[in-house]
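Asker: Starting off with a structure, shown below.
The values are calculated or read from the model by the stated rules, or taken from the named source; none is laboratory data. Since we're looking at a predicted model, the values are computed, not measured. Here the Cβ positions follow ideal geometry from the backbone for every residue, glycine too, while neighbour counts run over all protein chains shown.
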Amino acid sequence: MAFNLKKVLKALLLSSSQPLAIRDIQAAFTRFHEQGSLALTDATEEATATGGETKPAEVAHDPGEPAEVGAEAPEDAELYQDVPSLVTATQIREVVDEIAAELRAADDGLLLIEGSNGYRLVTHPRFARWVRILRAEPPPLKLSQSSVETLAIVAYRQPVTRGEIETIRGVSAEAGVNKLLERELIYVVGRADLPGRPIQYGTTDKFLEFVGVKSLDELPASDVLSSRQIDEWLTNAMNPAKLSDTDMGLSDEQLPLESAATPAGESPAQS
């Protein structure tokens, strides 16, 4: 019977409480073969010590009685035999995609998703209320419009200071920043190389899960919040250009009072 990679991956995903990355799965296969090599070495050394004779394992219980709870079952051919020494990332992704499709088709309340840290099994959002009831958790608080705007600026601009957020939004961002820090959607990245060394903020892995993307590169392109355009906007906002008489709608005949009061050919200092 051929080795069944799909069944093994399902078991690994179910047993893990943390996201399972491809490298974690590959490491499990490496350890499997390392343990097999150690077991073979131990058996060889034991046979050498006993003169080449090996004794059959003794049965610790009556064959007519069931095995003790927790006893390891005999090795299954499709799980432990002909295990490939190398499982490529492509093979893992293909099988994981098959598992994810089967779960969606079964509609049993489980989903397999890929996050920034790997794959994990989750309950379908339709069952969120039951999960909260089991855990005695209150309904999740929704982000206010102010917090959403602040989060969007951090996501597209990061690392960003609170002063820059307030310049872009035109209002205080203290409450929104504190709420996002509390929800662990943003975190303190460091300090900007500016007067006063203001704190800079960036988004967390929890933010990626919140918006359903694996990396910041998957965020939709934004003409409004692109870094280049924000830089230009901030520069113009902090260093406004001086307006001329023409920009203010004055005609050429309407000269400034200082210029009008100065006789032709004389400088203001000479008058």
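Asker: What is the one condition in (1) charged (D, E, K, R); (2) loosely packed, with under 10 Cβ neighbours inside 10 Å; (3) at pLDDT 55 or above that GLU78 does not satisfy?
Answerer: (2) is the only condition that GLU78 fails.
Asker: While we're looking at this one, here's another question. Using beta carbons and a limit of 6 Å, which pairs, at least six apart or on different chains, have the first residue in segment 108-134 and at positive phi and the second one assigned to a strand (DSSP E or B)?
Answerer: GLY109/THR123; GLY118/LEU20
Asker: Quick one: in segment 126-173, of everything that is among the hydroxyl-bearing types (Ser, Thr, Tyr) and in a helix (DSSP H, G or I), which residue is surrounded by the most Cβ atoms within 10 Å (Cβ to Cβ)? Break it down stepwise before answering.
Answerer: In the first step, residues of segment 126-173 are kept if they are among the hydroxyl-bearing types (Ser, Thr, Tyr); the result is 144, 146-147, 150, 156, 161, 167, 172.
Keeping just the survivors that are in a helix (DSSP H, G or I) gives 146-147, 150, 156, 167.
Working: SER146: 15, SER147: 20, THR150: 29, TYR156: 20, THR167: 15.
By that ranking, first place goes to THR150.
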